[in-house]
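Since the structure comes first, as structure tokens, the remarks are kept for the end.
The values are calculated or read from the model by the stated rules, or taken from the named source; none is laboratory data. As the structure is a computational prediction, the values presented were derived from the model and not from experiment. Counting neighbours? That spans all protein chains shown, and the Cβs are built from the backbone with ideal geometry, glycine included. For accessibility, only protein heavy atoms count, side chains too; no ligands or nucleic acids. Shrake-Rupley method; radii C 1.70, N 1.55, O 1.52, S 1.80 Å.
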Amino acid sequence: MAYQLYRNTALGNSLQVILLQFDKAMNSALAQTVRNRVNFRSFLNTYRSCDYLWSFVLNGVEFREVTELNKADEAKIVACDDKNIGSNTTE
Amino acid sequence: MTPGIPIFSPMMPYGTGLTPQPIQNTNSLSILEEQQRQQQQQQQQQQQQQQQQQQQQQQQAVAAAAVQQSTSQQATSQQATQGTSGQAPQLFHSQTLTTAPLPGTTPLYPSPMTPMTPITPATPASESSGIVPQLQNIVSTVNLGCKLDLKTIALRARNAEYNPKRFAAVIMRIREPRTTALIFSSGKMVCTGAKSEEQSRLAARKYARVVQKLGFPAKFLDFKIQNMVGSCDVKFPIRLEGLVLTHQQFSSYEPELFPGLIYRMIKPRIVLLIFVSGKVVLTGAKVRAEIYEAFENIYPILKGFRKTT
């Protein structure tokens with residue numbers, strides 16, 4: 001387990017600034033630039049909403065895009081709901 | 001075939017406590033007890049239905065046998081009174097016999113010496129509608145008896161929503177019975193969506209069980225059904241305009257506002273939504289009998305406003 005001691009250095013600080021810029025860039029790209037559309041329909045195992053954060057667990061889900069089809073026995077979706085709407089998924 | 005002997009079928013068990021029992025106020029949260037109680041009540045209802053069917057069959061058997069007897073009487077009234085083929089006992093009067101025994105009594109052998117006056121069942125002034133409203137929604141409340149931390153409940157329980165800025169309660173749902181519960185930080189809970197009183201109670205206990213498993217000392221205090229909604233179909237169209245004219249102190253009908261007539265019955269205190277199609281929604285009941293009573297009250301009125309075109 002490496003120490004995070006050295007983050008408060010010139011090198012560390014500039015790298016952290018880059019990380020903040022990365023966050024902003026990802027948010028704006030997903031909101032504005034990305035136009036792909038994925039459809040999915042499945043059985044909802046559980047849902048949860050707390051502090052505007054939604055999480056779902058789906059069973060037997062097929063993510064259908066125009067080009068390809070991805071299946072999963074179990075999928076967890078974590079979705080943030082805020083002014084800038086964004087979402088990410090993990091399989 | 002001898003008529004009128006009550007049949008003790010092997011299906012009637014002894015000593016199973018066939019008298020209806022009041023709902024027990026147990027504060028323990030055992031789901032197993034609840035489900036066992038529900039099954040017992042369902043069995044009791046089935047047994048009562050079987051008893052009623054048996055009584056009806058007995059009455060039909062007695063009536064059929066009596067009709068046979070009367071026809072055979074008329075044929076043999078001039079013959080010797082000694083028994084004809086297997087028909088015992090014989091009646092000495094040639095009056096036609098209409099026997100439909102009074103409900104609740106199973107006559108044994110009709111006495112040969114007394115004149116048989118026709119016994120007809122008590123006919124009510126108006127016949128019952130034969131339609132039973134179906135319960136669609138039950139709203140009930142219960143007090144879990146302890147303060148709750150809604151954030152931990154929302155984070156750890158499944159199928160829960162919590163938006164404190166929008167509404168100060170956790171909205172939780174379960175699949176069986178399909179219901180929704182609003183759980184407040186004071187420990188009070190509202191359970192909606194069940195189709196029967198027992199299902200509402202069972203669902204409320206399941207929610208209380210979820211809260212208990214999250215570590216709160218939940219109890220099950222003061223379970224009370226607050227509202228019951230039922231619906232049914234009279235199967236004929238209704239002249240709502242006529243109904244609002246004659247029953248104006250009870251009805252309000254604004255077709256531009258809402259297509260149904262709102263009838264506020266005084267006794268029992270039930271609100272009915274009556275539609276042109278003949279569908280009726282009854283709400284505001286605290287017990288099932290109020291819904292049934294309200295529908296039996298409104299049905300003759302609706303028959304009087306049947307659309308004839």
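Below are the figures for this structure:
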| item | result |
| --- | --- |
| Filter pass, residue B:155 being within 14 Å of another protein chain (Cβ to nearest Cβ) and part of a helix (DSSP H, G or I) | yes |
| Unmet requirement for residue B:203, which otherwise passes all of (1) touching a Phe, Trp or Tyr at 6+ places or on another chain (Cβ under 9 Å); (2) farther than 30 Å from residue B:299 by Cβ | (1) |
| Residue that is farthest from the chain's Cα centre (by Cα) [pool: residues in the range B:192-211 that are open to solvent by less than 20 Å² (accessible area, probe 1.4 Å) and within 16 Å of residue B:136 (Cα to Cα)] | B:203 |
| Unmet requirement for residue B:192, which otherwise passes all of (1) within 14 Å of chain A (Cβ to nearest Cβ); (2) among the hydroxyl-bearing types (Ser, Thr, Tyr); (3) under 28 Å from residue B:281 (Cβ atoms) | (1) |
| Among the residues listed as B:204, B:285, the single one being touching a Cys at 6+ places or on another chain (Cβ under 7 Å) and among the small types (Gly, Ala, Ser) | B:204 |
| Set B:301, B:262: member being outside any loop (DSSP other than H, G, I, E, B) and without any contact (Cβ under 8 Å) to a residue 24 or more places away in the chain | B:262 |
| Residue within the range B:236-255 that is over 20 Å from the mean Cα position of the chain (by Cα), of a type in the set (S, T, N, Q) and in a helix (DSSP H, G or I) present | yes |
| Exclusive hit being in contact (Cβ under 8 Å) with a residue 60 or more places away in the chain and assigned to a loop (DSSP other than H, G, I, E, B), set B:219, B:224 | B:219 |
| Hits in the range A:52-65 - residues which are more than 8 Å from chain B (Cβ to nearest Cβ) and either assigned to a strand (DSSP E or B) or under 20 Å from residue B:172 (Cα atoms) (or both) | A:53, A:54, A:55, A:56, A:57, A:58, A:59, A:60, A:61, A:62, A:63, A:64 |
| Checking residue A:40 against (1) within 14 Å of another protein chain (Cβ to nearest Cβ); (2) in contact (Cβ under 8 Å) with a residue 12 or more places away in the chain; (3) open to solvent by 70 Å² or more (accessible area, probe 1.4 Å), the condition it does not meet | (1) |
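Let's see how each residue does on (1) farther than 30 Å from residue B:141 by Cα; (2) under 14 Å from the mean Cα position of the chain (by Cα):
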residue: B:260; (1), (2): no, no
residue: B:263; (1), (2): no, no
residue: B:271; (1), (2): no, no
residue: B:276; (1), (2): yes, no
residue: B:287; (1), (2): no, yes
residue: B:294; (1), (2): no, yes
residue: B:301; (1), (2): yes, no
residue: B:308; (1), (2): yes, no
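Here's the yes/no breakdown for (1) in the same structural domain as residue A:78 (by TED's automatic domain parsing); (2) surrounded by 10 or more Cβ atoms within 10 Å (Cβ to Cβ); (3) of a type in the set (Val, Ile, Thr):
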position	(1), (2), (3)
A:12	no, yes, no
A:15	no, yes, no
A:25	no, yes, no
A:30	no, yes, no
A:44	yes, yes, no
A:48	yes, yes, no
A:51	yes, yes, no
A:54	yes, yes, no
A:57	yes, yes, yes
